[in-house]
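Quick notes on the structure that follows.
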Amino acid sequence: MVVGDITTGTDLAVIGAGPAGYVAAIRAGQLGLDVTLIEKEAYGGVCLNHGCIPSKALINATDIAQEAREGETFGIHADPAIDLSQMVTWKDDVVNRLTRGVEQLCKANGVNLLEGTATFADEHTLRVAHDGEGQGAESITFEHAAIATGSRPIEIPGFSFADDPVIDSRQALALTKVPDRLVIVGAGYIGMELAGVFAKAGSEVVVLEMLDAILPGYDQALAQPVAKRSKELGIEVHLETTAAGWEPADEGIVVQTEAATDDAEPPGDISAEKVLVAVGRQPVTDTVNLEATGIETDEHGFIPTDDKMRTEVEHILAIGDVAGEPMLAHKGSAEGIVAAEVVAGEPSAADFQAVPAAVFTDPEIATVGLSEEEAEAEGFDPVVGKFPFSASGRAMTTGHTDGFVRLVADSETGFVLGGQVVGPEASELIAEIGLAVEMGAQLEDIARTVHTHPTLSESVMEAAEHALGHAIHTLNR
């Protein structure tokens, strides 16, 4: 496309090239549509550039260092030094290779790539402003549009991300020097993942959480091994505590704390070099001039959609974080495929029985489908099978035996309804359980599937056998 004050047309205009947007664009290109993908910053979106991928890169790198420090059990004695600047350079190289890959895949599938900020002029026209002096703008007319503008970190009063000592997760992942002392506000998945990274990198980490447990929203039986490990890593956690404000000090800053409940005992002022605010994310729907289309957001700022990802204006779709919880990259990608197929006239709809969620803490947590309580609420009579990693031969050989695999099934039919894992490689192990839920597998199917020995995946088979009452390597109920 020629940059300038011109108008071009397209079958599908996708706003945002994150995991939802670029996947929608590629799938639409595969289906023969003329597709224009508009991105104002970097292909791959927040997930690839400033979230999922860089955080997991640093988690893996600092895990290696921590494994070496704790290797005495295996007869390994080491005290590795961490060069965060070099680590971040490596992380950035990983990110750059992936972003280039996304761009190449889009081009190979016939997607027109357009850099700039898109806003709706009306319900069939986008105005795209190009960055840089004299770059101008252009108009795109479309038959369909998909809004995939993602989400941003939530700020809290008194802690502006514009202030140098106050950082969000994106800025934390770009630090080239390990803070001597780091305060993290929020003990959700982002806060606890990064607490582990910086504790293993050498920071003194203090976490403040206004609720009464870390990882609120997760079963506390899953969160407990993470809490235990965090304490071992020297992470100081204060529950029912809020961050009230901060002020400069001789060496860094001082963060003031307050009790979130009458019974809480806040730690008072906390000295720090940086304060990371990780209290959640909010959808970005205020940048595209939705008013011009007549589309309204809900009370949480999300864009309501039907199961075909269509908004109240039928030819405009919303996918990814802007379309509602759970705000997960893989959910967004699945929605992107549905949206592309719907626009192309394919019989597609979102029917996500099994959207997994993973927390890359130490140890990892992963869930999919229904918990026991959720199954009961939906009218099932659930049976639960559980297998501890402390009984797993493979877990013992890795030195990571905290946690368990838990399966939830319908006692009458044996159909697997969900599962939860906390422990080593939980984010990988959950895939088998997710497939079982999606395909309508029964406990017997998992129990009779021969698993490789010795592996962590055997624990899923063992949990199924436990639910059936004939576990071999753990006591039956």
Subset of the stretch 59-104 [in contact (Cβ under 8 Å) with a residue 60 or more places away in the chain, under 17 Å from SER203 (Cα atoms) and among the polar types (S, T, N, Q)]: THR62, GLN66, SER85
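Any idea how many residues of the stretch 237-281 are aliphatic (A, V, I, L, M) and part of a loop (DSSP other than H, G, I, E, B)? Show your work before the answer.
If we filter the stretch 237-281 for residues that are aliphatic (A, V, I, L, M), which is where we start, we get 237, 239, 243-244, 249, 253-255, 259-260, 264, 270, 272, 275-279.
Those still in the list that are part of a loop (DSSP other than H, G, I, E, B) too: 260, 264, 278-279.
Residues that pass the stated criteria total 4.
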The stretch 123-153, residues that are modelled with pLDDT under 95 and either among the polar types (S, T, N, Q) or outside the structural domain of GLU39 (by TED's automatic domain parsing) (or both): GLN135
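Can you name every residue in the stretch 462-477 that is among the aliphatic types (A, V, I, L, M) and surrounded by fewer than 22 Cβ atoms within 10 Å (Cβ to Cβ)?
Step one: of the stretch 462-477, the residues among the aliphatic types (A, V, I, L, M) are 463-464, 467-468, 471-472, 475.
Passing the criteria: LEU468, ALA471, ILE472, LEU475.
Return the only residue of VAL185, VAL255 being over 23 Å from ASP63 (Cα atoms) and surrounded by 19 or more Cβ atoms within 10 Å (Cβ to Cβ). Lay out the reasoning, then the answer.
On the way: VAL185 fails: over 23 Å from ASP63 (Cα atoms).
Sole residue among the options that is over 23 Å from ASP63 (Cα atoms) and surrounded by 19 or more Cβ atoms within 10 Å (Cβ to Cβ): VAL255.
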Where a residue in the stretch 161-172 is over 18 Å from ASN49 (Cα atoms) and its partner, wherever it lies, is among the aromatic types (Phe, Trp, Tyr), with Cβ under 8 Å and at least six apart: PRO165/TRP246; VAL166/PHE159; VAL166/TRP246
Close pairs (6 angstrom Cβ cut-off, 6 or more residues apart or separate chains): touching a residue at least 12 places away in the same chain (Cβ under 8 Å) and under 14 Å from GLY414 (Cα atoms) in the stretch 451-477, assigned to a loop (DSSP other than H, G, I, E, B) and hydrophobic (A, V, I, L, M, F, W, C) anywhere: GLU465/ALA471
Complete set of residues in the stretch 1-30 that are among the hydrophobic types (A, V, I, L, M, F, W, C), assigned to a loop (DSSP other than H, G, I, E, B) and either touching a His at 6+ places or on another chain (Cβ under 8 Å) or surrounded by 17 or more Cβ atoms within 10 Å (Cβ to Cβ) (or both): VAL3, ALA17, ALA20
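Per-residue answers, yes or no, for (1) in contact with a Lys or Arg (Cβ under 9 Å, 6 or more places away or on another chain); (2) at pLDDT below 95; (3) among the aliphatic types (A, V, I, L, M); (4) crowded, with 24+ Cβ neighbours inside 10 Å:
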| site | (1), (2), (3), (4) |
| --- | --- |
| VAL322 | no, no, yes, yes |
| ALA329 | no, no, yes, no |
| GLY336 | yes, no, no, yes |
| GLU341 | yes, no, no, no |
| GLY345 | no, no, no, no |
| PHE352 | yes, yes, no, no |
| VAL355 | yes, no, yes, no |
| ALA358 | no, no, yes, no |
| GLU364 | no, no, no, yes |
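In the stretch 146-164, what count of residues is obtained for those that are buried (at least 19 other Cβ atoms within 10 Å of the Cβ) and either touching a Phe, Trp or Tyr at 6+ places or on another chain (Cβ under 8 Å) or under 26 Å from VAL94 (Cα atoms) (or both)?
So the answer is 6.
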Output for the stretch 41-73, where each listed residue is part of a loop (DSSP other than H, G, I, E, B), surrounded by fewer than 20 Cβ atoms within 10 Å (Cβ to Cβ) and either of a type in the set (Gly, Ala, Ser) or at pLDDT below 95 (or both): GLU41, ALA42
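Could you say which residue among SER151, SER169, SER139 is in contact with an Asp or Glu (Cβ under 7 Å, 6 or more places away or on another chain) and not aliphatic (A, V, I, L, M)?
Details: SER169 fails: in contact with an Asp or Glu (Cβ under 7 Å, 6 or more places away or on another chain); SER139 fails: in contact with an Asp or Glu (Cβ under 7 Å, 6 or more places away or on another chain).
Only one candidate passes the filter, namely SER151.
Considering each of GLU412, GLU428 in turn, give the residue that is surrounded by fewer than 23 Cβ atoms within 10 Å (Cβ to Cβ) and in contact with a Ser or Thr (Cβ under 9 Å, 6 or more places away or on another chain).
Details: GLU412 fails: in contact with a Ser or Thr (Cβ under 9 Å, 6 or more places away or on another chain).
None of the other options fit; the residue is GLU428.
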Qualifying residue in the stretch 465-477 (condition: closer than 23 Å to PHE360 by Cβ, touching a helix residue (DSSP H, G or I) at 6+ places or on another chain (Cβ under 9 Å), not aromatic (Phe, Trp, Tyr) and not in a helix (DSSP H, G or I)): no
Test: PHE120 is part of a strand (DSSP E or B), aromatic (Phe, Trp, Tyr), under 25 Å from GLU325 (Cα atoms) and at pLDDT 95 or above: yes
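Could you tell me whether VAL255 is assigned by TED's automatic domain parsing to the domain that holds VAL183 and under 30 Å from PRO424 (Cβ atoms)? Spell out the reasoning first.
On the way: assigned by TED's automatic domain parsing to the domain that holds VAL183: yes; under 30 Å from PRO424 (Cβ atoms): no.
When the stated conditions are applied, VAL255 does not pass them.
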Residue check for HIS130: under 18 Å from GLY16 (Cβ atoms), touching a residue at least 60 places away in the same chain (Cβ under 8 Å) and crowded, with 21+ Cβ neighbours inside 10 Å: no
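Among the residues of the stretch 249-264, how many are farther than 25 Å from ASP180 by Cα and among the aliphatic types (A, V, I, L, M)?
Residues of the stretch 249-264 that are farther than 25 Å from ASP180 by Cα, as a first pass: 259-264.
Pick out the ones that are also among the aliphatic types (A, V, I, L, M) and you get 259-260, 264.
The qualifying residues number 3.
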Condition check for THR401: within 26 Å of ILE214 (Cα to Cα) and in contact with a strand residue (DSSP E or B) (Cβ under 9 Å, 6 or more places away or on another chain): yes
Pairs, first in the same structural domain as PHE302 (by TED's automatic domain parsing) in the stretch 324-346, second of a type in the set (Phe, Trp, Tyr) and outside any helix (DSSP H, G or I), C-beta under 9 Å, six or more apart: GLY324/PHE302; GLU325/PHE302; LYS331/PHE352; ALA334/PHE352; GLU335/PHE352
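The values are calculated or read from the model by the stated rules, or taken from the named source; none is laboratory data. None of these values were measured; they are calculated from a predicted model. Ideal geometry is used to build each Cβ from the backbone, glycine not excepted, and the neighbour counts take in all protein chains shown.
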